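Asker: Before I ask anything, let me first share the structure, which is written out below as structure tokens.
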Amino acid sequence: MSCKPYIRETSKTTWYLEHPRYKRYMAREVTCIFILIFTFELVCALGAVANGPEAYAAFLAKLHSPLSILFNLVALVVTVYHSVTWFNVTPQAMPVQIGEEFVPGQYIVGAHYGVWAVVSLVVLILGVW
Amino acid sequence: MSERQIELEVLRYDPEKDSAPRFQTYSVPCLNEWVVLDALNYVKENLDTTLSYRWSCHMAVCGSCGMMINGEPKLACKAFIHEYSDKIRVEPLAHFPIERDLVTVIEDFIGKLSSVKPYLIPKDDKPISAGEFKQTPAELIKFKQYTLCINCMLCYAACPQYGLVPEFVGPAAIALAHRYNQDSRDGGRDARQEVVASNEGVWECSFVGACSEVCPKHVDPAGALQQVKVASTIDWYKEHLMPWVKK
Ligand code: SF4
Ligand code: FES
């Protein structure tokens, strides 16, 4: 080893700008912030339901503000992106082996979309009911 | 055979003379079927004998020619000239200290690799006279893809987490630990977990996935790391919620 190896520092604040794949990763991570805020909104909704019909009506009225509609629209788009990016990597994290073969990745991804659709449908039916 | 003049912009660093790296440009007449390593060899043989870089097999097997080519971790012997424009920038692998020119200091990786005990630790000690350890094809494919790793360290150069937290055990070492853990003949998982399942081990990984994108051997280290996370999480639940269940 040489007496004076040169060390290139990685920037702690701008590293993710250095490569498109890092930016893609950051985009996926940033979606969590929207999901966090949406989850908070959901908890508030539950609180309003628990506090009786007037509280719930007041909560619903707040949801009708343009800012709230905008946020919920953005949160929806971002959540879909979040889910799609994570579903697409599930075959890497959860490979399924049957006998001497691995189940092709697209089946595992497909199964996730299937479960997603079923759960969404159940929630929709329960909601309409 | 068509020939093309390529401007090869190579990072140079002489620890005895330079305080920081600099770039030197060589004009190299390249044949279209050449790889970047051929261009470097041309420089070494015809233009500048002082240029230092590692290589050996010229066929993507030895893993020693990893370098940044236009900012992307690549094997120089697998980076075809015809895929690049007339100007190619060559730098030593990112995240590793530069020893000289394109040669990096790799002791950190070697240490991490040996810390995960990347060898078979037999489950049961049987005498040689008892014969070989048998394995079915189904048991073999569980880990076969991880055996293809050539220790080229491209995954470490691609991993932003390794750049930010140098203590991170990193993709290839953990993927190799996983390779032995998945082997039906092996019984060394507990001995490896201490390093592999530590904070600097698999939990430092945030699944950027860059390692698997650049791996020249399709090892998919990112996949291995996520599988190790799943298995380690199951261990934790067993230990804390069902202490009576033996691992
Ligand atoms: S996992 Fe792939 S990129 Fe990493 S050292 Fe092994 S062969 Fe190279
Ligand atoms: S020279 Fe052996 S991998 Fe490139």
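Asker: Which of the lysines could a cross-linker span from residue A:23 if the Cα-Cα distance has to be under 19 Å and same-chain partners fewer than 8 positions apart are dropped?
Answerer: Of all the lysines, those that pass the test against residue A:23 - Cα under 19 Å, at least 8 places apart if same chain - are A:12.
Asker: Here's something else I'd like to know. Leaving ligands, DNA and RNA out of it, work out the accessible area of residue B:190 with a 1.4 Å probe and give it in Å² to the nearest 10.
Answerer: Counting only protein heavy atoms, the figure is 110 Å².
Asker: Then there's this: Once you've got the GNM for chain A with C-alpha springs shorter than 10 Å, pick whichever of A:18, A:100, A:54 has the biggest mean-square fluctuation.
Answerer: Checking each option, the largest mean-square fluctuation is seen for A:100.
Asker: Averaged per residue, what accessible surface does segment A:1-101 expose to a 1.4 Å probe, in Å²? Working shown, then result.
Answerer: On the way: 7000 Å² over 101 residues.
Spelled out: the 1.4 Å probe surface of segment A:1-101, per residue, equals 69 Å².
Asker: Additional query: Using the Kirkwood radius over C-alpha pairs as Rh, can you work out the diffusion coefficient of segment B:107-241 via Stokes-Einstein at 20 °C, viscosity 1.002 mPa s, in µm² per second?
Answerer: Details: Rh = 15.4 Å.
Translational D for this selection: 139 µm²/s.
Asker: Explain nothing, just the number: dipole magnitude of segment B:122-238 about its Cα centre with +1 on each Lys and Arg Cβ and -1 on each Asp and Glu Cβ, in debye rounded to the nearest 20. List each step's numbers first, then the result.
Answerer: Values: 12 positive and 14 negative charges, 70 e Å.
Magnitude of the dipole: close to 340 debye.
Asker: Determine the sum of side-chain charges near residue B:37: Lys and Arg each +1, Asp and Glu each -1, restricted to other residues whose C-beta is under 12 angstrom from that of residue B:37.
Answerer: +3
Asker: Test of understanding: what is the full-extension gain from residue B:31 to residue B:237, defined as 0.36 nm times their sequence separation minus their Cα-Cα distance?
Answerer: Here the answer is 68.3 nm.
Asker: To continue, here is another question. Taking the Cα centre of the protein assembly as shown as origin, sum charge times position over the Cβ atoms of Lys and Arg (+1) and Asp and Glu (-1), and report the length of that vector in debye to the nearest 20.
Answerer: Value, rounded to 20: 560 debye.
Asker: Moving on. Assuming R0 = 51 Å, what is the FRET efficiency of residue A:15 and residue B:135, from their Cβ-Cβ distance, to the nearest 0.05?
Answerer: 0.75
Asker: Which of the aspartates and glutamates could be linked to residue A:4 by a straight reach, that is with a Cα gap under 14 Å, when you skip same-chain ones fewer than 8 residues away?
Answerer: B:14, B:16, B:18, B:99, B:101
Asker: So with the 1.4 Å probe, I'd like the accessible area per residue for segment B:3-104, rounded to whole Å².
Answerer: 44 Å²
Asker: Let me ask something else about it. From the helices alone, meaning DSSP H stretches of at least four residues, give me the mean residue ellipticity at 222 nm for chain A, per-run term -39500 (n - 2.57), in deg cm²/dmol to the nearest 500.
Answerer: Rounded to the nearest 500, it is -25500 deg cm²/dmol.
Asker: Let me ask you something else. Rank these residues by their accessible area, most exposed first, probe 1.4 Å: B:109, A:71, A:40.
Answerer: Result of the area sort, largest leading: A:40, A:71, B:109.
Asker: Another question, if that's okay. For residue B:12, what charge total do you get from the other residues with a beta carbon under 12 Å from its beta carbon, if Lys and Arg give +1 and Asp and Glu give -1?
Answerer: Value of the local net charge: -3.
Asker: Report residue B:147's accessible area, 1.4 Å probe, all protein chains in place, as a number in Å² to the nearest 10.
Answerer: Estimated to the nearest 10 Å², residue B:147 gives 60 Å².
Asker: Also: Can you tell me what the convex hull of the Cα atoms of the protein assembly as shown projects to on average, as an area in nm²?
Answerer: Averaging across all directions leaves 28.0 nm² for the Cα convex hull.
Asker: While we're on this one: Largest first, what is the accessible-area ranking of B:34, A:129 with a 1.4 Å probe?
Answerer: I get A:129, B:34, largest accessible area first.
Asker: Now for a separate question. Is there a quick way to get the dipole size of chain A? I mean about its Cα centre, with the Cβ of Lys and Arg at +1 and of Asp and Glu at -1; what is the value in debye to the nearest 20? Working shown, then result.
Answerer: On the way: 8 positive and 7 negative charges, 112 e Å.
Dipole about the Cα centre, nearest 20: 540 debye.
Asker: So if we plug the beta-carbon distance of residue A:41 and residue A:128 into 1/(1 + (r/R0)^6) with R0 = 25 Å, what FRET efficiency do we get, rounded to 0.05?
Answerer: Working: r = 21 Å, r/R0 = 0.83.
Once rounded, the FRET efficiency stands at 0.75.
Asker: Most mobile of A:14, A:39, A:90 per a Gaussian network model of chain A (Cα springs, under 10 Å)?
Answerer: Its mean-square fluctuation being the largest, the pick is A:14.
Asker: Any idea of the total accessible area buried by the A-B contact, 1.4 Å probe, rounded to 100 Å²? Numbers along the way, then the final one.
Answerer: Numbers: alone 10710 and 13100 Å², together 21030 Å².
So the buried area, both faces added, is about 2800 Å².
Asker: Report the extension gain between residue B:200 and residue B:85 in nm, rounded to one decimal, defined as 0.36 nm multiplied by the number of residues separating them, less their alpha carbon distance.
Answerer: Contour length minus Cα-Cα distance gives 37.4 nm.
Asker: At q = 0.13, 0.14, 0.15, 0.17 Å⁻¹, work out log10 I(q)/I(0) for chain B with the Debye formula, treating every Cα as an identical point scatterer and leaving solvent out; two decimals please.
Answerer: -0.85, -0.94, -1.03, -1.21
Asker: On the full set of protein chains, 1.4 Å probe, figure out the accessible area of residue A:33 and give it in Å² to the nearest 10.
Answerer: Accessible surface of residue A:33 is approximately 100 Å².
Asker: Oh, and also: If you take each beta carbon of peptide B:154-160 and count the beta carbons of other chains within 10 angstrom, what is the mean?
Answerer: Mean shielding by partner chains, rounded to a whole number: 2.
Asker: Give the lysines reachable from residue B:123 as a straight Cα distance under 25 Å; neighbours fewer than 8 places away on the same chain don't count.
Answerer: Qualifying lysines at Cα under 25 Å: B:112, B:134, B:142, B:144, B:229, B:238, B:246, B:247.
Asker: Considering only C-alpha atoms, what is the centroid distance from segment B:38-114 to segment A:21-99, in Å?
Answerer: Comparing the Cα centres of segment B:38-114 and segment A:21-99, I get a distance of 44 Å.
Asker: Sticking with this structure for a sec: Going by accessible area, probe 1.4 Å, with all protein chains left in place, what is the ranking of A:124, B:102, largest first? Let's see the in-between values first.
Answerer: Numbers: A:124 110, B:102 5 Å².
So the residues, ranked largest to smallest area, are A:124, B:102.
Asker: How much of the pair distance distribution for segment A:15-128 lies past 17 Å, counting alpha-carbon pairs only, in percent?
Answerer: 70 percent
Asker: Then there is this: In segment B:3-104, how does Rg compare with the Kirkwood Rh, expressed as the Rg/Rh ratio over alpha carbon atoms?
Answerer: Numbers: Rg = 12.6 Å, Rh = 13.5 Å.
For segment B:3-104, the value is 0.93.
Asker: Sticking with this one: First measure r as the distance between the Cβ atoms of residue B:144 and residue B:110, then evaluate 1/(1 + (r/R0)^6) with R0 = 25 Å and state the FRET efficiency to the nearest 0.05.
Answerer: Working: r = 24 Å, r/R0 = 0.97.
Using R0 = 25 Å, I get an efficiency of 0.55.
Asker: I would also like to ask the following. Would you work out what percent of the accessible area of segment B:107-241, with all protein chains in place, is carbon or sulfur (probe 1.4 Å)? It would help to have the intermediate numbers written out before the result.
Answerer: Numbers: 3490 of 6220 Å².
Carbon and sulfur: 56 percent of the exposed surface of segment B:107-241.
The values are calculated or read from the model by the stated rules, or taken from the named source; none is laboratory data. Because the structure is a prediction, the values reported are computed rather than measured. Cβ coordinates were reconstructed from backbone atoms using ideal geometry, including for glycine residues, and neighbour counts include every protein chain displayed. Areas reflect the complete protein model, heavy atoms only, side chains present, ligands, DNA and RNA absent. Shrake-Rupley method; radii C 1.70, N 1.55, O 1.52, S 1.80 Å.
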